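Inspection log for the structure reproduced underneath, given as structure tokens.
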Amino acid sequence: MTPHPGGAPGGSVLAALTAEQHGKLMTLARDVALPAGTRIFEEGEKADRFWIIRSGTVALDIHMPGRGRAVVETIGAGSLLGWSWLCPPRQWHLAAETREPFRAWEFDAVAVHDLCAEDTALGLSLVTAVAETIGERLRATRTRLLDLYGPPGPQGSGAAP
Amino acid sequence: MTPAPLSYRVVDRRDETHDTVTLVLEPGGDALDPFAPGQFAMLYAFGVGEIPVSVSRLGDGHRLTHTVRAVGAVSRALCGLRTGGWVGVRGPFGTTWDAAAAHGSDLLVIAGGIGLAPLRPLVDTVLAKPHAFGRLNVLAGARTPSDLLYTDEFPAWEKPFGAVTVDRPSGGWTGRVGVVTTLLHEARFTPSDTVAFVCGPEVMMRATARALIHQGVRPDRIQVSLERNMRCATGHCGHCQLGPLLLCRDGPVVGYDQAEPLLTVREL
């Protein structure tokens, strides 16, 4: 099935902020639109910005020598794209490519860091929301490691019927 | 419900994936009572054994439709049946998806792997009476693109809202990659007025239910289909006991408000 072209507005990161915090953060937002198939960032590059996706899907991939790129996850409308800007070494640990026409709010990481230093309550709200996204992705990754839909094995519950 | 198996003949079979087959069965004589979405039959592969298999489509007279994944001796034997083959059938057994609870509300139908099979009759029910329900969302997760079931039916689910995601992309897959809960971000529903129907591996159902509750769906409005070692299917042998429940009789469909405390107990 093809994804829904609209999607959740705002996303969990923006929804976690008060109206005043939201307003302050959005003064730093830049509306960006990219066509499908655009490489947004590459693994190892400096992570100096992040995006909140308004529409479209982005594939996160990792390069495997001799085997090309492997998509490890896709994220869509309402999601945070990029959290490596938040903590050292501030380099992308995955690459990102648009799967379809992409529209997002883009934020400059240095400007957001400065805003957070200036308004620590906003900073805490934002970091908490980003941490929630990181936690969600960690939990999702752990769940996928279980290979839940695979054939019953030692981790399954009982003999196969 | 008939206690002894009745003979049903395979009148149609379809390979859904490399290890999953849909069988359409017709009674050779007496027929079982009609099934409801979520219920299951005990399918007996002659000389091999008997397993519970949910009904994966309703209607069409006394015909039964079941989707079986070959993972063990009995299921492999059932998947190996050809048109004209015979199978013993008991049923209908168990509780049903409570579609009436979703009248006027948004619906989330969330499937993992072959969990889509028991949910398909529910989706059919909703699509047949769209005005009785709110917005329908069908979200499905699979291991790989080649493990996706019922791909030819996706267009019908796409129109309300449907999306699929896989754990391991391959073969030029351009769709979503990730766990099924990530699709919730795009589904169209009002959490406070939504009924969710979830079927898949238990870990997936727990993670999904937690995500739904976090978004504001009430636990008593989340229905899950639980799987245990069902033998007699009549609530007598006790193999399928989960705390106070005998899942062949009191399940497989159970409200998450009832299931959650049982699923988090280490041993019962």
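A few notes on this one:
- Accessible area in square angstrom per residue, the range A:90-132, 1.4 angstrom probe: 47
- Chain pair A, B: total accessible area buried, heavy atoms, 1.4 Å probe, Å²: 2800
- The fraction of Cα-Cα pairs per 5 angstrom bin, counted from 0 for chain A, comes to 2, 8, 15, 19, 19, 14, 9, 6, 4, 2, 1, 0, 0 percent, rounded to whole percents.
- Two-decimal log10 I(q)/I(0) for chain B, as the Debye equation yields it once each C-alpha is a single scatterer, q = 0.08, 0.10, 0.16 Å⁻¹: -0.30, -0.48, -1.27
- Beta bridges by DSSP in chain B, antiparallel share as percent, to the nearest 5: 60
- Mean residue ellipticity at 222 nm, helices only, chain A: -9500 deg cm²/dmol; runs of at least 4 DSSP H residues each add -39,500 (n - 2.57), and the sum is divided by the number of residues.
- In summary, the lysines within cross-link reach of B:Lys129, defined as a Cα separation below 20 angstrom excluding same-chain residues under 8 places away, comprise B:Lys159.
- Multiplying the residue separation of B:His103 and B:Thr174 by 0.36 nm and subtracting their alpha-carbon distance yields 22.1 nm.
- Exposure of A:Glu100 as accessible area (Å², to 10), given a probe of 1.4 Å and all protein chains: 50
- Per-atom-type breakdown for the range A:8-161 gives carbon and sulfur 58% of the accessible area (1.4 Å probe, protein chains only).
- With Cα atoms as the point set, the range B:218-263 shows a radius of gyration and Dmax of 10.4, 33 Å.
- Trypsin sites (Lys or Arg not before Pro) lying in DSSP loop within the range A:49-91, provided at most 14 other Cβ fall within 10 Å: A:Arg67, A:Arg90
- Within the accessible surface of the range B:196-268, defined with a 1.4 Å probe on protein heavy atoms only, the carbon and sulfur portion equals 48 percent.
- Those residues of the range B:171-195 whose amide nitrogen sits under 18 Å from the label point placed on B:Leu127, 7 Å along Cα→Cβ: B:188
- Ratio of Rg to Rh for the range B:1-81: 0.92 [Cα atoms; Kirkwood radius as inverse mean 1/r over pairs].
- Along each principal axis, Cα extent of the protein assembly as shown, largest first, Å: 77, 46, 44
- Relative to its residue count, the range B:177-262 spans a Cα convex hull of 91 Å³ per residue.
- Solvent exposure, largest accessible area first (probe 1.4 Å, DNA, RNA and ligands not counted), of B:His185, B:His18: B:His18, B:His185
- Candidates per chymotrypsin sites (Phe, Trp or Tyr not before Pro) in the range B:1-101, loop by DSSP, up to 11 other Cβ within 10 Å: none
- For peptides A:35-41, A:122-128, A:70-76, sequence by mean Cβ density within 10 Å, most packed first: A:70-76, A:122-128, A:35-41
- Residues of chain B: accessible area per residue with a 1.4 Å probe, Å²: 40
- Helices meeting the span-like rule in chain A (full DSSP H runs, Cα extent of at least 15 Å along the helix axis, mean Kyte-Doolittle score of -1.0 or higher): A:120-145.
- The alpha-carbon atoms of the range B:125-244 define a convex hull whose volume equals 152 cubic angstrom per residue.
- Alpha-carbon centroid distance for the pair the range B:50-116 / the range B:151-192, whole angstrom: 22
- Per-residue extension of 0.36 nm, minus the Cα-Cα distance of A:Ala19 and A:His93, leaves a gain of 23.4 nm for this segment.
- Interface residues in the range B:177-193 - accessible area drops by 50 Å² or more relative to the isolated chain, probe 1.4 Å: B:Val177, B:Val179, B:His185, B:Glu186
- Distance between the pseudo-spin-label points of A:His113 and B:Ala4 (7 Å out from Cα toward the beta carbon): 8.0 nm.
- Beta bridges assigned by DSSP with both partners in the protein assembly as shown are antiparallel in approximately 75 percent of cases.
- Rounded to the nearest 20 debye, the dipole size of chain B about its Cα centre is 240 debye, using +1 on the Cβ of Lys and Arg and -1 on the Cβ of Asp and Glu.
- Averaged over the residues of peptide B:164-176, the number of Cβ atoms from other protein chains lying within 10 Å of each residue's Cβ is 5.
- Helical mean residue ellipticity (222 nm; -39500 (n - 2.57) per DSSP H run of 4+; nearest 500) of chain B: -5500 deg cm²/dmol
The values are calculated or read from the model by the stated rules, or taken from the named source; none is laboratory data. Since this is a predicted model, take the numbers as computed values, not measurements. No Cβ is skipped: glycine too gets one built from the backbone with ideal geometry, and neighbour counts run over all protein chains shown. Areas reflect the complete protein model, heavy atoms only, side chains present, ligands, DNA and RNA absent. Shrake-Rupley method; radii C 1.70, N 1.55, O 1.52, S 1.80 Å.
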